[in-house]
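Some notes on the structure that comes next.
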Amino acid sequence: MDLGLSEIQKMLQETSRDYLVENCTMDFIRAMESDQIGISDEIWKNMADMGWLGLMIPDEYGGSGFNFDDMSILLEEMGKVGLSGPFFSTSVIGVQALLLSGDKAQKKEVLPKIASGNLKISLAFNEKTGSFEKSEVTNTNSIKNNDGWTLNGEKYFVNDAIGADYFIVASSSENKNGLSIFLVPSNTEGIEIKKMESIGGDKIYKVDFQEIKLLDSQLLGKEGEAWDILLKIFNYGAIGKTSEMSGAAQKVMNITLDYIKDRKQFDRPIGSFQAVQHHAADMAILTKVSTQFSRKAAWKLSNEEDSNIDVHRAKSYVSNAYHDLCQISHQLHGAIGYTWDYDLQIFTRKMQHQKLAYGDSNFHQKKISNLLNLK
Amino acid sequence: MKYKFNNEDELFRQELRSWIRNEIPGDFNNWQGIDEAGDDFEYSLEVRKKLAKKGWLTMAWPKDYGGQGASYMKQVIFNEEMSYHRMPGRDGFGAKMLGPTLMVHGSEEQKKRFLPPIANGEVQWCQGYSEPDSGSDLASLKLKVEDKGDHWLANGTKVWTSMAHKASWIFFLGRTDPDVPKHKGISFFLANIKDSNIEVKPIINMAGIHHFNQVIFENVKLPKDALIGELNKGWYIAATLLDFERSGVEYPASARRSFEEIVDFVKNKKNSSGISLINDPYINKTLVDLDLEIEAAKLVAYEVAYLQSKGKIPSIEGSVAKILGTQLAQKVAKIGTDFSGLYGQISDSYAPFDGKYLKQQLFVTAYTIFAGTTEIQKNIIATRGLGLPREDKLKVNNKQES
């Protein structure tokens, strides 16, 4: 048992913290909300130079060769400054999708370009229902023909579609009664992207795929066998989000502590009132437990075959806990925290995406119920 | 980062587990544990002696004192398995609290006299801290101990003294200097509780269980060597205890066993329409929530032990573990009772588990109160952990207003 960070993780934590605090200020985060891509070219290039974009990409494909639990430490720091943007879609989801399903040629084509900052990816899985069950993929299908495949479908909740160079598209497979995933260049004829306005400045789109012609070489993994891979990708997505949320929880708590130490009413800092202190203690509890749930699941994902129960526990707990924590923070801030100019509300809005992405609390609770055989 | 016990620790867990399963009278699945403070006290002592023989009773003690110098993580495993299996025999007051205190603060004679009986599992100690007027504000305690030259004279009352009716010795805090700030006039003493001037009066709790006592000292003469450590340093000596394992892993471990038992019950229990209770979505959701709370308390308990193993003082984490663990115990008892339907009010054999969870619900009400209430723990988190100003140390300038 070693609940501390490794030397490498500590270094990653410190360097990323320094960089992010200096470069991703709240003004920058605000500006990125209305930016189409959600990141500046300069910072994207820096992320490539620092090895973040290819953090989980093996050396042979031009990456840094780190594990997901290392990535979770970086994501905590990104969560802390409120950075969303295409990093998650590309360097967490995209990279894992390629690592789990790509053949050598596909990896060689895509991964080095991700690491060098020259390629972005977006996963197109969800459809109209907006769930993370297998039955979600009903309106997208891929039909085999002589030259390859023809893909048709409507995808919703596609993150970072604008700016993506490739989509990874999940479709139902007629022949095999399962799901298949394809690597589809975004400049392929027949793709239409429409914006879905997201409350936290996350870039979310509806993407239509019409009569898309695909080659056999664009199929990732085997036909009809993508569901198991998608489940694994969702696990990384879920814990990536709990990492962001536990980092953000620390930040929200720090903003709150600064405020209640400074704000005076009845001639004393409001942080000296026990009624206020006990709310603050509750925030500390939620933050601590969230971090532990999240890190344990991240470690399990990186080191053990079966980490499902830990993933489900973490995402269901942290999604609720972080919501509650933001609510407490607003309560302690009074009116000021409710204003557009005050930074707290940025975290509160972004929280909505983080807690829903890759399964909300109820979704994961049902999975826990199944795994514990509560039936 | 590594969220896994090492092989050596896991081997110990297996060894311990098979020993316990072998010791448990009858079938483990029906084993409900015993009331160590009641009629089954003697059985508990029997197990304690066996634990002593195995070296497990004092595994945390340094080798110089006959212990094993076991790591914090190994201690966590020991407590986890013992609690999960509802196994009696551990010695919180002697082996866990007084023993380590004597090692640091006791004289050579005191160590020679008091440590071996603890290590052999032969003696029951109890702890005299709380008083009728000193609960959360423990340092305001009044039990007076005067220096009479060749002996000490103790007068006063201790209360909520667990196990005093079964103990042969008591360690307690007394006021030795009333004229200095309250923390600085307290000393740490030992007394033979069978002394004719010490009266132990039972306090029956609302579960009908005799666990607490009032302990009245009336002109109790104590020999000079009843004092542990320096005079008036008792408050700080008592705090030494905090250096030893206090992860609170007992709470999630015993909750996990109850969880399994309750799940079995609701799987087999059918409602009037013949449907198993486990398929009631509300019951199902309640159980998943409970699973999460058990895991939350366990994660923090492990973190406490981990920090201790690194030589760090887990101030926030210790309090968080206590808050989560004790609230968890109350939740388990409530769920165990609620799921019994109307039988949740019946305390005899008509009720599931003979009304065990109902009795537990009454008993565990004490958990969020003893050893630092939830409110005191939150004060500690807020002031020591988060750096918020202490309310009682605040100088409020009210005069400015008028």
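Rounded to the nearest 0.05, what FRET efficiency do A:Lys264 and B:His183 have when you use their Cβ-Cβ distance and R0 = 35 Å?
That pair, A:Lys264 with B:His183, gives E of 0.70.
Could you tell me which residue out of A:His278, A:Trp149, A:Ala97 lies farthest along the dipole of chain A toward its positive end? Charges go on the beta carbon: Lys and Arg +1, Asp and Glu -1, centred on the Cα centre.
A:His278
For segment A:1-149, just say rounded, prolate or oblate: build the C-alpha gyration tensor, square-root its eigenvalues into a ≥ b ≥ c, call rounded for a/c under 1.5, and beyond that prolate if a/b exceeds b/c, oblate if not.
Details: a/c = 1.77, a/b = 1.46, b/c = 1.21.
Cα axes put segment A:1-149 in the prolate bin.
With the cut-off at 1.5 for a/c, could you classify segment A:228-371 from its C-alpha gyration tensor as rounded, prolate or oblate?
Here segment A:228-371 falls in the prolate category.
List residues of segment B:257-296, by number, whose backbone nitrogen lies under 17 Å from a label position 7 Å along Cα→C-beta of A:Asp324.
B:285-296
Under 5 Å between amide H atoms, partner at least 5 residues away or on a different chain: which partners does B:Gln124 have, H built in plane at 1.01 Å?
Counting only residues 5 or more places away or on other chains, the set is B:Ser168, B:Trp169.
What does the structure give for B:372-379 when I average, per residue, the other chain Cβ atoms found within 10 Å of the residue Cβ?
Across the residues of B:372-379, the mean count of other-chain Cβ atoms within 10 Å is 3.
Just add up the charged neighbours of A:Gly221: K/R +1, D/E -1, any other residue whose Cβ is under 10 Å from the Cβ of A:Gly221.
-3
At 222 nm, what helix-only mean residue ellipticity would chain B give, in deg cm²/dmol to the nearest 500, using -39500 (n - 2.57) for each DSSP H run of four or more?
Here the helix-only value at 222 nm equals -12500 deg cm²/dmol.
Tell me, which longest segment in chain A has none of the GluC sites (Glu not before Pro) that fall in DSSP loops with at most 11 further Cβ atoms within 10 Å?
Here the longest run is A:1-132.
Please give me the summed charge of the neighbours of B:Glu218: other residues whose Cβ is under 13 Å from its Cβ, Lys and Arg +1, Asp and Glu -1.
Computed value for this residue: +2.
Calculate the mean, over all residues of peptide A:302-313, of how many other protein chain Cβ atoms lie within 10 angstrom of the residue's Cβ.
Counting other chains' Cβ atoms within 10 Å and averaging over A:302-313 gives 2.
For the ranges B:34-40, B:305-311, what's the packing order if you count other beta-carbon atoms within 10 Å of each residue, average per peptide, and put the highest first?
For the peptides B:34-40, B:305-311, the packing ranking is B:305-311, B:34-40.
Take every Cα pair under 8 Å in segment B:244-370 that's 6+ residues apart, average their separations, divide by the length, and report that relative contact order as a whole percent.
Over segment B:244-370, the number comes to 26 percent.
Below 8 Å, C-alpha to C-alpha, sequence gap of six or more: please give me the relative contact order for chain A in percent.
Value for chain A: 16 percent.
Kindly flag which residue pairs out of A:Lys251/A:Lys315; B:Lys2/B:Lys49; A:Lys206/A:Lys366; B:Lys50/B:Lys201; B:Lys2/B:Lys310; A:Lys134/A:Lys288 have an alpha-carbon separation exceeding 24 Å in this structure.
Table pairs above 24 Å Cα-Cα are B:Lys2/B:Lys49; A:Lys206/A:Lys366; B:Lys50/B:Lys201; A:Lys134/A:Lys288.
If r is the Cβ-Cβ distance from B:Asp64 to B:Leu394 and R0 is 41 Å, what FRET efficiency results, to the nearest 0.05?
About 0.35, to the nearest 0.05.
Over chain B, calculate the relative contact order: mean separation of alpha carbon pairs under 8 Å at least 6 apart, over the residue count, as a percent.
12 percent.
Under a straight-distance cross-link criterion of Cα-Cα below 17 Å, which lysines are reachable from A:Lys264, leaving out those fewer than 8 residues away in the same chain?
Filter leaves B:Lys393, B:Lys395, B:Lys399.
With n ≥ 4 as the cut-off for DSSP H runs, can you work out [θ] at 222 nm for chain A, using -39500 (n - 2.57) per run divided by the number of residues, rounded to the nearest 500?
Taken over chain A, the calculation gives -16500 deg cm²/dmol.
Convex hull over the alpha-carbon atoms of the protein assembly as shown: what's its volume per residue in Å³?
Values: hull volume 147.4 nm³, N = 777.
Given the Cα convex hull of the protein assembly as shown, per-residue volume reads 190 Å³.
Mind grabbing the base-10 log of I(q)/I(0) for segment A:105-215 at q = 0.16 Å⁻¹? Debye formula, identical points on the C-alpha positions, no solvent, two decimal places.
Rounded to two decimals, the profile gives -0.73.
Please arrange A:Ile181, A:Ile39 by how many other C-beta atoms lie within 10 Å of their C-beta, fewest to most.
Placing the least packed residue first, the sequence is A:Ile39, A:Ile181.
Only counting other Cβ atoms within 10 Å, I'd like B:Phe212, B:Phe172 sorted with the fewest neighbours first. Write down the numbers at each step before the final one.
On the way: B:Phe212 21, B:Phe172 27.
The order, fewest Cβ neighbours first, is B:Phe212, B:Phe172.
Can you pull out the trypsin sites (Lys or Arg not before Pro) in segment A:90-155 that DSSP calls coil and that have at most 15 other Cβ atoms within 10 Å?
Within segment A:90-155, the qualifying trypsin sites (Lys or Arg not before Pro) (loop, at most 15 other Cβ atoms within 10 Å) are A:Lys128.
Counting only other residues whose beta carbon sits under 12 Å from that of A:Leu230, what net charge do I get with K and R as +1, D and E as -1?
-2
Quick check on segment B:7-90: take the gyration tensor over C-alpha atoms, sort the square-rooted eigenvalues as a ≥ b ≥ c, and tell me if it's rounded (a/c under 1.5), prolate or oblate.
Cα axes put segment B:7-90 in the oblate bin.
Calculate, for B:Asn6 and B:Asp354, the FRET efficiency according to 1/(1 + (r/R0)^6) with r their C-beta to C-beta distance and R0 45 Å; round to the nearest 0.05.
That gives a FRET efficiency of 0.65.
Given the Cα-Cα distance of B:Asp147 and B:Ala239 and 0.36 nm per residue of separation, how much length would full extension add, in nm?
The B:Asp147-B:Ala239 span can extend by a further 30.8 nm.
If you keep only loop residues by DSSP, which trypsin sites (Lys or Arg not before Pro) in segment B:96-201 have at most 15 other Cβ atoms within 10 Å of their Cβ?
Here the trypsin sites (Lys or Arg not before Pro) that fit, given the DSSP loop and packing criteria, are B:Lys142, B:Lys148, B:Lys194.
Quick note: the coordinates plus some simple rules give every number you see, no bench work behind them. It should be emphasised that the depicted structure is a prediction, and the values quoted were computed from it without experimental measurement. Backbone-built Cβ (ideal geometry, glycine too); neighbour counts: all protein chains shown.
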